[in-house]
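The values are calculated or read from the model by the stated rules, or taken from the named source; none is laboratory data. Computed from a predicted model, the values in this text were never measured in an experiment. For neighbour counting, all protein chains shown are included, and Cβ atoms are generated from backbone atoms with ideal geometry for every residue, glycine included.
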Amino acid sequence: MKKLLSLICSLALTSTIFAKDVRLKEPPEDLSKYYPPKSENYQFLFNMYKASTSFTGMLTNVQDGDWNNALKWAKALKESYLKIGKMVPKWDKVLKKREINALVKAVKNKDAEGIKANANAVGQSCSKCHSRYQISAKILYHYPSYDMITLEDPVNHSDYEVHDYMKKMTNSLKLLNIYLADGKKIKAKKEGMNFIKRFNGLTQMCSECHTNKLSEQIYFGKSIKKEVKLLSKAIKNLDKKGIQKHLGNIEMMNCMKCHNVHQVPAMLKDKFEKH
C-alpha cells in the first residue's frame with residue numbers, strides 16, 4: 001500500500017507539470033470544428049474532461065485496492081485518450097498508444113510498477129500538449145470576440161467597433177489634459193464632457209455578454225457614478241486637482257480592473273486571428 005501511495009503522489013505531480021517558458025502555438029485547424037462558431041457542443045472539451053476524470057478514477061481505485069473499478073476507469077481513459085487522435089488527426093502521432101494499452105494491462109494485472117511507468121508516460125503526453133496549446137485554445141475558442149460588438153458614440157452618434165470607440169474615449173481624455181495644460185478652457189470643458197459621455201456609453205459593451213447586469217453594477221455602480229459626478233463638477237469648474245483626483249479614482253476603480261480581465265486575452269486573440 002505504501003508503494004501505491006507513493007505512486008499516486010508521483011502521478012499527481014506529473015499531471016501538474018508545465019514548461020517554465022510560455023510558448024503559445026496555434027492549435028491545429030481541425031480543433032476549431034469542435035468550438036463556436038462551428039459547433040456549440042464542445043465535443044473535444046468534454047472528451048478532455050472525461051479523460052481527466054477517468055485518469056483520477058483509475059488512480060483513486062488503485063490506491064483503494066478496488067481493482068475492478070480501477071480497470072473500468074482505465075478502459076474509459078484509453079477510449080477518451082485514443083479519441084483525441086480521431087478528432088484531431090495531427091495529434092494522433094504524438095499519443096502514447098503503446099503505453100495506454102500497457103497501462104490498461106498493468107491495471108488488469110495489478111502491476112503497480114507498470115501502472116506507474118505507463119501512467120507517467122501518458123500523463124506527460126497530456127502535460128506537454130497542454131503546455132503548448134491550452135492557453136492559445138482558450139484564447140481562440142473560449143474568449144468572446146469584440147469584433148461582434150459595435151458601440152454608438154454618444155458624442156457624434158456614429159457606430160464604432162470596440163477598439164475604435166476606446167480610441168475616441170481615450171483621445172477625449174488626452175485632449176482634456178492637453179487643453180488644461182495649454183489654458184484652453186472652453187475646449188478643455190468640451191473634451192472633458194465628451195470623455196464622460198463616452199465613458200458612460202461603455203455600458204453598451206458590458207450588456208452584450210453580461211446579460212444579468214451584474215458587471216454593470218460592479219463597474220458602473222454607485223461608487224463609480226459618484227466619481228463621475230464629481231469629475232463632471234471638477235471639469236465645469238476647471239479644478240485641475242479635482243480632475244486628476246477623480247480621473248485617478250475612475251482609473252483604479254473601473255478602467256484598470258476591466259483591462260486586467262479583458263484586455264490581454266483580447267490582444268492575444270487579435271494576434272492569433274491576424275496571423
Sole residue being among the basic types (Lys, Arg) and in contact with a Gly (Cβ under 8 Å, 6 or more places away or on another chain), chosen from Lys105, Lys116:
Lys105
Going by the structure shown, is Asp164 farther than 15 Å from Ser52 by Cβ, part of a helix (DSSP H, G or I) and in contact with a strand residue (DSSP E or B) (Cβ under 8 Å, 6 or more places away or on another chain)?
no
Which of the residues spanning the range 66-96 are polar (S, T, N, Q) and within 18 Å of Gly123 (Cβ to Cβ)?
Ser80
Residues being without any contact (Cβ under 8 Å) to a residue 40 or more places away in the chain, among the charged types (D, E, K, R) and either over 18 Å from Gln204 (Cβ atoms) or not assigned by TED's automatic domain parsing to the domain that holds Asn237 (or both) - total across the range 161-193
6
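Determine whether Ile139 is touching a Leu at 6+ places or on another chain (Cβ under 6 Å), over 18 Å from Thr60 (Cα atoms), part of a helix (DSSP H, G or I) and in contact (Cβ under 8 Å) with a residue 12 or more places away in the chain. Spell out the reasoning first.
Working: touching a Leu at 6+ places or on another chain (Cβ under 6 Å): yes; over 18 Å from Thr60 (Cα atoms): yes; part of a helix (DSSP H, G or I): yes; in contact (Cβ under 8 Å) with a residue 12 or more places away in the chain: yes.
When the stated conditions are applied, Ile139 passes them.
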Residue under question is Lys257, and the condition is that it be more than 24 Å from the chain's Cα centre (by Cα) and modelled with pLDDT of 80 or more; does it hold?
no
Restricting attention to the range 173-190, report how many residues are among the aliphatic types (A, V, I, L, M) and crowded, with 17+ Cβ neighbours inside 10 Å.
5
